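Reviewing the structure listed below.
The values are calculated or read from the model by the stated rules, or taken from the named source; none is laboratory data. This is a predicted model, so every value here is computed, not measured. Counting neighbours? That spans all protein chains shown, and the Cβs are built from the backbone with ideal geometry, glycine included. Note: areas computed on protein heavy atoms with side chains; ligands, DNA, RNA excluded. Shrake-Rupley method; radii C 1.70, N 1.55, O 1.52, S 1.80 Å.
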Amino acid sequence: MSNDFYTLKVNGENHQVLDAWTGESLLWVLRERLGFPGAKNACEEGECGSCSVRIDEEIVCSCLVLAGSAIDQEITTIEGLAPEGELGDVQQAFIEAGAVQCGFCTPGLLVTIDHLLEENQNPDDLTVREAISGNLCRCTGYGRILEAVQIAAASRRGENHE
Amino acid sequence: MPVTVARSLDDALSALEEHPNALILAGGTDVMVEVNKGTRPVEQVISIGRVPELQDWEHEGDWLHLGAAVTYTELMGEELSSLVPALAQAARTVGSPQIRNAGTIGGNLGTSSPAGDTLPALFALNAILTIRSKTTVKEVPIDEFITGVKSNSLNPGELIEKIRVPVLEGPQEFCKIGPRNAMVISVASFTLLTDHQEKQVKSCLGTVGPVPIRPTEAEDFISGEVNWEQNTVRPEVLDNFAALCSSAARPIDDHRGSAAYRRHAIRVLSRRAASRVFSEEIS
Amino acid sequence: MSDLKTETPVSGPRIGESAPRPDGVPKVNGSFAFSSDLWHKNMLWGGTLRSPFPSARITRLDITEALLIDGVQAVLTHEDVPGQNLYGLEHADQPVMAEEIIRYEGEPVAIVAADHPEIVRRALNAIQVEYEEMAPLTDPELAEETDFIHPDGNLIRRINLRHGDQEVQGEIQVEGIYEVGMQDQAFLGPESGLAVPGEDGGVDLYISTQWLHADRSQVASCLGLEEERVRITLAGVGGAFGAREDLSLHVHLCMLAMRTNRAVKMIYSREESFHGHVHRHPAKMWYRHHADSKGNLLRVEAKVLLDGGAYASSSGAVIANATCFAAGPYRIPSADIEGVVVRTNNPPCGAMRGFGAVQTCVGHEAQMDKLARALNMDPVEIRIKNALKPGDKLLTGQTITGTAPVAEVIQTCAEHTSTCQESTDPMSLPGGAGRTADPEHISRGEAIAVGFKNLMFSEGFDDFSSALCQLENGVATITCACAEVGQGFVTLAQQITREILGVEEVILAPAATQTVGSAGSTSASRQTWMSGGAVQKACEEVRVKLLEKLAVEHQVDIDNLVLVDGQVTSLNEDFTISLEEATSEPLEARVEYRHAPTFPLDENGQGDAHVSFAFSAHKAVVDVDPELGLVKVVELITSQDVGRLLNPLQAVGQLEGGAAQGLGLAVMEEVLVTEGNIRNASFTDYLIPTALDMPPVEIAAIIEQPEPGAPFGAKGIGEPPSISSTAAVVAAIREATNLELPRVPVRFTDIVSVEED
């Protein structure tokens, strides 16, 4: 344990982390110290993507980020994907397309797909599949998730998805 | 502070001088797995992932200088994939997009796993590592750096600063076998580079020995048999090349694959890789 | 699938519509509380010390040093178990913590509560255990002739099913031996929960589970408490697939909370999760099929051996399914099936989606293809020719009284032509990102498989679900202990309530043991029928109470009152009253719903043991790289018997998701066990399909033939998708390679023959 503290900027706000053990992952600190349980703990070795968060401009597995090393970076979790009380287009599309079952993989996928669509509003099927290949889903077989991505992509392009 | 987030190479080296046995963290994608499991003690940590000198790369004449903190995603980018295609192809097979965004080429070297995906390409390229401490700097060829399964010649107080590889003229191939179509640890991999200037084929076998293996006999054989003007080979040369590559493998049995399969896979991959690069002469 | 979009009608979606999930919004904005997300003031962290050996005797167990660590609040062993140190779904045969004998790798030995997970870890390391290793029993074929590894013996259950004339011989006979590896449910949300000590000396447990009330009776018995003092509330469940039917950390958490008098939270790591729940039984199967020269099935002989691992779990029911459905959905007048499940020192096995029918489907479908080949018949034709239909008898002698559109699922699936193109992008070829193949290395195969299983619990089990419906101010509240594990029961419960009560707003109360009776397990494709039936019945009773009350109040004949769209209208008296007004005084009904009774199997495995059956067919198209043994499934086509479609969107989700698990078992998923030790207890080495492995699932047909006796005519739909998919994929690989491939998952070296070094 250490009595030092450090500050993490999560969803635009600074949070102090006090009395933390040095080895704590960003995932753990987000979930257990800062009250952001949206990122999920399914493998804690970077093999499932459930803990995906955005750090600055990249999507990473927060379980593989040492929390104390993520200072001075913009960390965005599922809780910061849309303004409080609103849903983003990908979130809306997930509900509409039936992409949510148990929901455990959902936050990681949403953060990943939101970022994908920011870079590419017209991704083809294979591009989407590769982009989400690090996000395991055990319930859906991915079919409705892929559908949701295309619904959200169409809405970002200003079209109606058929 | 137990965690130093270095913002310059000097920062990192000073911290390392003070704590020579500190845990060096680049992308964290290997180290944090052990930290989460509780198998890696964490006292002092030096994070080097955000050191600008280490994040940069530079193409200078016939050489490419890659900072140790260049990520796999960057290796897959347009510019680097045209300069070192095999390295880019290898990088694309590392873990998931999330892992590739965080994981670094220096980290792959530091972990020195027999299954490290970029290592065979670096071996085939005869990569030279720049190893630096606060007070020393030296260049170490990759085959002297990696000394065994998950072991290397890095000393306390040192870090990998950059990796220098030649930019070759000629096509390159990397193929890797895993039981899943993405996010999978290598069962066997094969890298093939052509150097049209030197009229040489360079290759390397991955995950079929404690360290990546250069099948030198196979390389010498095929280099001498290629019609470099036409970029062709006779089919039996491909067969012999594949057999020589396969016999250079020193695989083990483990839960990911048997030694016999791995040896077989090297034969198939080496032949396929060579036939992508050279057309078969019609006899 | 654009025809499956959600539409929101004026008064909320009812039966048959693609209603959106009520938990959809919290699940997409991160606020849905899974069992690992719980938090309590002043809470401690729990952890478990497990045996590294599959078979051993504990000779010394010393917790002294662990207790001395600053921040450690409790270290408990079997000596601290307040009640019975045994639990189990069918038989209480599994210790909460090992006493002297270790029977599988990962068996709990001690538990710890401390201020921080890192202190828990240090405390676990500081517990001193000395083991005397013993030779593990790992070969199920030797189990019955080996010394007992458990006081209950090594045989868990044997069924000798004999049906029809035992002397029948077919002109054509085909034989085969098949194997299925151990599959893991691999739900994404690892075992986790929170226990809070109660002021009454009891305990409140928040947990992910499939069956709250079965958990409660087992936990209470282990804690030595009356059931009322164990209150279990369902926390958010991150998938289940059978792995949450048995207890895992439940008793441990309660013991730590009660000992420390503080809330305790525990989360398994992924590695621990592999040791913490049961897996799908590995199977060895021998078959001999007899047919006449026209392809009519005459007789099936089979021996099915399942490895139950160290403890019984639900093995007895799994082997019953494997035996009863061993020959597939075909009309077969004579059968001799021996089903055996034994105890070994391998990891315990139990429930997983498909429950015994998955394993035998691999066997019977391979046999049907062999038979087709021997007869030079089309594999589709021989299946349709022998397809079960209503009125036919099963191997158990039971007559199918409900629907059985077997020929329909086969026909529609077979007729649906593949739309997939030849792959050219290396990413879509076998080997994927590894770029191992070029198109000329690829060989394509296509094949069909059919499967079926029972719905709900069988063999005379008193299977019921309970529900409470309350209607007040026009708002319905449904209380049911059905575990929502992702399947979407919560959506259906709202749809059913709206359908019957005509209300718009339906509140779902938390699922908990203290507010309502048992809903039974979320397994066996049973909740749509059972808890759906309970909700329907409760709503119907409230509806009748309401109409009766209004009839009296307004002195009209009840038959003249109709409840439509939030209003009760009198047909000829010309009055209308809104539900809101009519229910200013609350109305409620509490019900238990049972399906038609079933009966035990007799000594010949005969009897009306099951209620209803669901059927599915899959056609798989695969690309194989025969030289490297790599496979890419490029398309799955399916038809399924659903009785009646209650929510099209959710049904598609079940069909696609189940097929993905079936694909996984066919080509990549196996818990590798050597000498009793799991070698791949991680998501690095236990591989489940990624988005680059799972092809599109084309739904050829959803067959709607309402099932008599089922609420709304709907059958459960969760399991069939994972039954015939595995068999179809392996059959397609056989087509592509011309190999026998008698084992799943198909490994590289099953396709490539390599000389051993």
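How high is the relative contact order of chain C, in percent, counting Cα pairs under 8 Å that sit 6 or more residues apart?
16 percent
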| Per-bin percent of Cα-Cα distances, the protein assembly as shown [20 Å] | 11, 40, 37, 11, 1, 0
| request: Starting from region C:283-372, pick out the trypsin sites (Lys or Arg not before Pro) whose DSSP state is loop and whose Cβ has at most 12 other Cβ atoms within 10 Å. | output: C:294
| Using a 1.4 Å probe on protein heavy atoms, which residues of region C:413-442 have at least 40 Å² less accessible area in the complex than alone? | C:427, C:433, C:434, C:435, C:436, C:438
| So what's the gap between the Cα centers of region C:64-106 and region A:107-162, to the nearest angstrom? | 46 Å
| Inter-part distance where region C:690-757 and region B:123-182 are each reduced to a Cα centre, Å | 43 Å
| task | Taking the dipole about the Cα centre of region B:22-132, with the C-beta of Lys and Arg at +1 and of Asp and Glu at -1, give me whichever of B:91, B:129, B:54 is farthest to the positive side. | result | B:91
| Cα lying deepest toward the dipole's positive end in region B:172-280, options B:270, B:255, B:175, charges on Cβ | B:255
| query | Where both partners of a DSSP beta bridge lie in the protein assembly as shown, what percent of those bridges are antiparallel, to the nearest 5? | reply | 80 percent
| message | So with the 1.4 Å probe, I'd like the accessible area per residue for chain A, rounded to whole Å². | response | 32 Å²
| query | What quantity of accessible surface, computed with a 1.4 Å probe and excluding non-protein components, is buried in total between chains B and C, in Å² to the nearest 100? | reply | 3000 Å²
| request: Return one whole number: the accessible area per residue of region C:247-355 in Å², for a 1.4 Å probe. | output: 18 Å²
| How big is the antiparallel share of DSSP beta bridges in region B:2-99, given as a percent to the nearest 5? | 40 percent
| said: Leaving out ligands and nucleic acids, and using a 1.4 Å probe, what accessible area per residue does region C:602-739 come to in Å²? | reply: 21 Å²
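Using only Cα atoms, what Kirkwood radius does region A:5-80 have, in angstroms?
Evaluated on region A:5-80, it is 11.9 Å.
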| Restricting attention to region C:351-457, which GluC sites (Glu not before Pro) occupy a DSSP loop and are surrounded by at most 15 other Cβ atoms within 10 Å? | C:422
| field | Candidate lysines - alpha carbon under 24 Å from residue A:40, same-chain residues fewer than 8 apart omitted | value | A:9, B:37, C:27, C:41, C:265
| remark: Distance in Å, no decimals, from the C-alpha centre of region C:565-614 to the one of region A:28-90 is 45 Å
| message | Using a Cα-Cα cut-off of under 17 Å, which lysines could be cross-linked to residue C:545, ignoring same-chain neighbours fewer than 8 residues away? | response | C:537
| Please state the relative contact order of region A:9-162 as a whole percent: Cα pairs under 8 Å, 6+ residues apart? | 24 percent
| request: Express the carbon and sulfur contribution to the solvent-accessible surface of chain B as a percent, rounded to the nearest whole number, probe 1.4 angstrom. | output: 46 percent
| field | Heavy-atom accessible area ranking, 1.4 Å probe, most first, across C:690, C:515 | value | C:515, C:690
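Counting alpha carbon pairs within less than 8 Å and at least 6 residues apart, what relative contact order, in whole percent, applies to chain B?
This gives 15 percent for chain B.
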| note | On protein heavy atoms with a 1.4 Å probe, the accessible surface that disappears when A meets C, both sides summed and given to 100 Å², is 4600 Å²
| field | 14 Å reach of a label modelled at residue A:126, 7 Å along Cα-to-Cβ, counting backbone N of region B:73-87 | value | none
| note | At R0 = 60 Å the Cβ-Cβ FRET efficiency linking residue C:577 and residue C:373, nearest 0.05, sits at 0.30
| query | For chains A and B, what's the summed buried accessible area, probe 1.4 Å, to the nearest 100 square angstrom? | reply | 2400 Å²
| request: Give me the distance in nm between label points sitting 7 Å out from Cα along the Cα-to-Cβ direction at residue B:151 and residue C:440, one decimal. | output: 4.5 nm
| request: Please give the residues from region B:1-21 for which the solvent-accessible area of heavy atoms, probe 1.4 Å, is smaller by at least 10 Å² with all protein chains in place than with the chain isolated. | output: B:1, B:2, B:3, B:5, B:7
| request: In debye, nearest 20, what is the charge dipole magnitude of region C:178-236 about its Cα centre with +1 on Lys and Arg Cβ and -1 on Asp and Glu Cβ, if you could check? | output: 60 debye
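Cα-Cα over 28 Å: which of C:385/C:453; C:284/C:393; C:393/C:715; B:134/B:202?
B:134/B:202
Can you pull out the trypsin sites (Lys or Arg not before Pro) in region B:177-228 that DSSP calls coil and that have at most 16 other Cβ atoms within 10 Å?
Taking region B:177-228 and a limit of 16 other Cβ atoms within 10 Å, the loop trypsin sites (Lys or Arg not before Pro) found are B:199.
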| Share of region A:101-162's accessible area from carbon and sulfur, percent, 1.4 Å? | 38 percent
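Hey, got the dipole for chain C? About the Cα centre, +1 on K and R Cβ, -1 on D and E Cβ, debye to the nearest 20? Walk me through the numbers before you get to the answer.
On the way: 56 positive and 108 negative charges, 45 e Å.
Charge dipole of chain C: 220 debye, to the nearest 20.
Could you calculate the contour length gain from residue B:60 to residue B:199, that is, 0.36 nm times the residue separation minus the distance between their Cα atoms, to one decimal place in nm? Working shown, then result.
Numbers: separation 139, 0.36 × 139 = 50.04 nm, distance 2.20 nm.
Gain on extension, residue B:60 to residue B:199, equals 47.8 nm.
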| request: Quick one: accessible surface of residue C:163, probe radius 1.4 Å, all protein chains present, in square angstrom to the nearest 10. | output: 20 Å²
| said: Once neighbouring chains are kept in place and the probe is 1.4 Å, which whole percent of the accessible area of chain C is contributed by carbon and sulfur? | reply: 47 percent
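May I ask you to derive the FRET efficiency for residue B:82 and residue C:286 from their Cβ-Cβ distance with R0 = 60 Å, giving the value to the nearest 0.05? Walk me through the numbers before you get to the answer.
Numbers: r = 58 Å, r/R0 = 0.96.
Step by step, r from the Cβ atoms, then E = 0.55.
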